[in-house]
Each structure stands twice: as C-alpha cells, then as structure tokens.
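Working notes for the structure below.
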Amino acid sequence: MTTRAEFFRRLRAEVGKAPASFPASVSRRPDDPGAISETIRREMAERWPQALERFRVELERVGGVFHRVATPDAVPGVIGRLARERDAHRLVAWHPSTLGADWTGALTRDGLAAESMPLAAVTSPAERARLREASAAAEFGLTGVDLALAETGSMVLRSGPGRPRSTSLLPAYHVAVFDRTVLVESLAQVSVFLEAWHARDDGLGGVINFITGPSRTADIELTLTRGVHGPKEVHAIFVETPLHAAVAATRG
C-alpha cells in the first residue's frame, strides 16, 4: 500500500519533470485576418516541405502515425491495410465534398462497410440517432483537416455540414487526410485563421477541435492510458497531389 508521504513524493517528482512556465502576453487582434491568412498561404507555398517534415516529427513524438502517398487514389489502400491489420470492418467518413474525394466505393470493395455522413442537415431524430450509433460502432473514422500545425503536430478540424465531430472522436482509429494547402507553421498563424473563419461566418466551426495525437488519460498517480476518451490511434495521410480545389477554398 502506498503511504501518504510516498504518494506526495512521487507526485512532486512527476511535477518536477514539467518545463518551467514562460511569460505570456495578449496578442493584438489582426485588423484584416483574411488578407493576412492569404499572405500566409502564399508564403507556405514555398515553405511547405519544411513545415511538413516538422509536422511529421511532432506528430510521431505524440504517438501519431504519419503516412505519405502520391495521389488521392492511393488513400483507400492505406486505410484498407490498416483495417486488415486491426481486423476492423466498419468506417464512417466525412461527406466526399469536404474530403476532396469519394473513397467509399474503393473502401467497400476492400471489405469495409463504409458510410459517408450526409451533407444536408438531418432533421429526423431517428436518423440522427442512427448516424450517432453508426459512428460509435465504426472502428475507423475518416476526416479531412482544416489546418495541419507543424509546431505541435496538431490537426485542426471544424465541425459543420457533412463533417460531424463524432467522426473523429468516437471510432477507435482516426484517419485524417490532408494536402499542402492546409499546412501552417505556428500557433500564431492558426490564430489568424481562426479570426478569418469567424469574420467570414461560413457556417463551419460550431466546434473546432485541436487533435494532437491519440487520446490520453492519466489517473491521479499519472498512469497513462490511451483511447479512453477518444481514438487510441491517430493516422495522418499526406497526399502530395493537392485535393479538390473547391475544398481547399473553404479552408480559409
């Protein structure tokens, strides 16, 4: 049995491992976030390879898995292999218009029961319940990415029509597909896009999730467990060929 003194000794030792705090200040709100976000996009057109490598390193550091494919057609093959390795059979996905491609047919032919979320608002309580149950029962959840943050290996996802947050939160395995158009380097750049999205008010972003690796939960003794409050595995698939231009235009 752990004594009170031993418990606090261990707690102090774990807290002592945390880095020292740093001074913080409030950033000035940008006057024209839309214009600044476009400037960031243009700059990233030159710097995206370095940002991608930083993203890969940081994602793997927090337990995520990075994949790279040449074209969108290669995405179902990666997902199918992951599903077979995990003996998984069900997948839910964002609507194809939000992903930039429709992979449900290829995934179905590969043995997965794949269902895309509807783009139109679901008003029937029975259908809404069915979709929630389908997301909870699926082993895999397939989403796009609104921003891929190199600084921390995080992926930013906005909720909205055809892109419910349950797709990335309920299944045990989250697969997110993205291209170079969503790469940013820093949290400061992310804040500009948040402001731009808010100013545009395009119906997306009722919920904005920052996903940094698999779900982690620690008890009071700091015993780490994965997958309790979210996916136990997070896979990011980078597609070298830019995804559908219409989808990229909605991202800021």
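When the test is whether a residue is among the β-branched types (Val, Ile, Thr), modelled with pLDDT of 95 or more and more than 23 Å from ARG42 (Cβ to Cβ), VAL234 passes it.
Taking segment 90-112, which residues are touching a Gly at 6+ places or on another chain (Cβ under 6 Å) and acidic (Asp, Glu)? If the condition is that a residue be touching a Gly at 6+ places or on another chain (Cβ under 6 Å) and acidic (Asp, Glu), then ASP110 is the only one that fits. When SER97 is tested against (1) at pLDDT 95 or above; (2) within 24 Å of ARG41 (Cα to Cα), only condition (1) is not met.
Does GLU43 meet the test of being in a helix (DSSP H, G or I) and farther than 26 Å from PRO231 by Cα?
Details: in a helix (DSSP H, G or I): yes; farther than 26 Å from PRO231 by Cα: yes.
Criteria met by GLU43.
Looking at segment 165-193, which of the residues that are surrounded by fewer than 19 Cβ atoms within 10 Å (Cβ to Cβ) and hydrophobic (A, V, I, L, M, F, W, C) is nearest to LEU131 (Cα to Cα)? The residue in question is ALA172. Taking residues in segment 43-57 that are at pLDDT below 95, and partners anywhere that are surrounded by 19 or more Cβ atoms within 10 Å (Cβ to Cβ), not one pair has Cβ atoms closer than 6 Å while being at least 6 places apart or on different chains.
Scan segment 129-159 residue by residue and report those that are farther than 20 Å from GLY63 by Cα and in contact (Cβ under 8 Å) with a residue 60 or more places away in the chain.
First, the residues of segment 129-159 that are farther than 20 Å from GLY63 by Cα: 129-138, 146, 158-159.
ASP146 - this is the single residue of segment 129-159 that is farther than 20 Å from GLY63 by Cα and in contact (Cβ under 8 Å) with a residue 60 or more places away in the chain.
Taking segment 122-148 as the range and being out of contact with any strand residue (DSSP E or B) (no Cβ under 8 Å at 6 or more places or on another chain) and in a loop (DSSP other than H, G, I, E, B) as the test, the residues that pass are VAL122, THR123, SER124.
Quick grid of which residues meet (1) modelled with pLDDT of 70 or more; (2) more than 15 Å from the chain's Cα centre (by Cα); (3) within 30 Å of ALA137 (Cβ to Cβ); (4) not charged (D, E, K, R):
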site	(1), (2), (3), (4)
GLU185	yes, yes, no, no
ALA199	yes, yes, no, yes
GLY213	yes, no, yes, yes
VAL228	no, yes, yes, yes
THR250	no, yes, yes, yes
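With respect to the conditions (1) surrounded by 17 or more Cβ atoms within 10 Å (Cβ to Cβ); (2) in a loop (DSSP other than H, G, I, E, B); (3) without any contact (Cβ under 8 Å) to a residue 60 or more places away in the chain, LEU119 falls short on a single one, namely (1).
Quick test for you: out of ALA137, ALA114, pick the one residue that is of a type in the set (A, V, I, L, M, F, W, C) and either under 27 Å from ALA51 (Cβ atoms) or surrounded by fewer than 15 Cβ atoms within 10 Å (Cβ to Cβ) (or both).
Values: ALA114 fails: either under 27 Å from ALA51 (Cβ atoms) or surrounded by fewer than 15 Cβ atoms within 10 Å (Cβ to Cβ) (or both).
Result: ALA137 is the single residue among ALA137, ALA114 that is of a type in the set (A, V, I, L, M, F, W, C) and either under 27 Å from ALA51 (Cβ atoms) or surrounded by fewer than 15 Cβ atoms within 10 Å (Cβ to Cβ) (or both).
The values are calculated or read from the model by the stated rules, or taken from the named source; none is laboratory data. Fair warning: this is a prediction, and the values are worked out from it, not measured in the lab. So basically every Cβ, Gly included, is an ideal-geometry build from the backbone, and we count neighbours across all protein chains shown.
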